[in-house]
Amino acid sequence: MDDDALKFKLFPDYSSVTTSSKAMPNMQYIHKQLQTRKKSKVTLTLLLEEYKRDNPDGYEFTQFRVYYGRYKQILNPFMRQVHIGGEKLE
């Protein structure tokens, strides 16, 4: 059995999933604008309004925030280190 047939058997609704035709916001531009927020008083809501002006059928605020949050996590990754008391001596 090939991969496509296996996907269809495991996930029958997989073939009916369509990708979104909405334009993705320019996250680099948004992040740069928010970094200069204190000087220019730019908010995520104002940037969404600018995005919606250029893309009337674009994402709404909730999804816009989710995509920006994902982008921000990629910029500053972190690794949590668990230290058990008394296990190591430094």
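Read the figures in this text as sums done on the coordinates, not as results from a lab. Everything numeric here is computed off the predicted structure, so don't read it as measured data. FYI the Cβ positions are ideal-geometry reconstructions off the backbone, even for glycines, and counts take in every protein chain you see.
What is the magnitude of the charge dipole of the chain about its Cα centre, with +1 placed on the Cβ of each Lys and Arg, -1 on the Cβ of each Asp and Glu, and no other charges, expressed in debye to the nearest 20? Before the final figure, lay out each step's value.
Working: 15 positive and 11 negative charges, 147 e Å.
The calculated dipole for the chain is roughly 700 debye.
Listed peptides 1-9, 52-60 appear in the order 52-60, 1-9 once ranked by packing, highest mean of other Cβ atoms within 10 Å at the front. What shape does the range 41-90 take by its C-alpha gyration tensor, where a ≥ b ≥ c are the square roots of the eigenvalues and a/c under 1.5 counts as rounded, a/b above b/c as prolate, and the rest as oblate? Because a/c hits 1.5 or more and a/b exceeds b/c, the range 41-90 counts as prolate. Shape annotation for the chain: C-alpha extents along the principal axes are 55, 53, 17 Å, from largest to smallest. Projecting the Cα positions of TYR67, LEU48, SER21 onto the charge dipole of the chain (unit charges on Cβ atoms of Lys, Arg, Asp and Glu, taken about the Cα centre) puts LEU48 furthest along the positive direction.
How large is the helix-only mean residue ellipticity at 222 nm for the chain, computed as the sum of -39500 (n - 2.57) over DSSP H runs with n ≥ 4, divided by its residue count, in deg cm²/dmol to the nearest 500?
Details: 5 runs with 47 residues, N = 90.
The helix contribution divided over the chain gives -15000 deg cm²/dmol.
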